[in-house]
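Written below as structure tokens is the structure these notes are about.
Bear in mind these aren't lab numbers, they're just calculated from the coordinates by the rules spelled out. If you're wondering where the values come from, they're calculated on a predicted model, not measured in any experiment. Here Cβ is always computed from backbone atoms with ideal geometry, including for glycine, and neighbour counts include all displayed protein chains.
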Amino acid sequence: MKAILTFIAVIFFTTTAFAQNSTKEVKVETITVSIEMNVTVQVAKEIKTETEVARLYMFKNSRVKKALAFKTKRNKSKMA
């Protein structure tokens, strides 16, 4: 009985939704404007001849390895 009532309610609401008058589309007038392109673009490329060097630190006392191996003085856990 419940299924029949829900089916009738769904059909009723869909028919009322389709039966409503929809507003007609309003057409908008379009205006065309011409654009003149009289712009000249000059592109100048600069060639850089610099070579960059990437360094690989192989020694223990290098600055990078010291910074990466940072340890605090209070790094150890305390015994309770």
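Quick rundown of the values:
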read-out	value
Global form of the stretch 1-54, assessed from the alpha-carbon gyration tensor, a/c cut-off 1.5	oblate
Trypsin sites (Lys or Arg not before Pro) restricted to the stretch 1-39 and DSSP loop, no more than 10 other C-beta within 10 Å	K24, K27
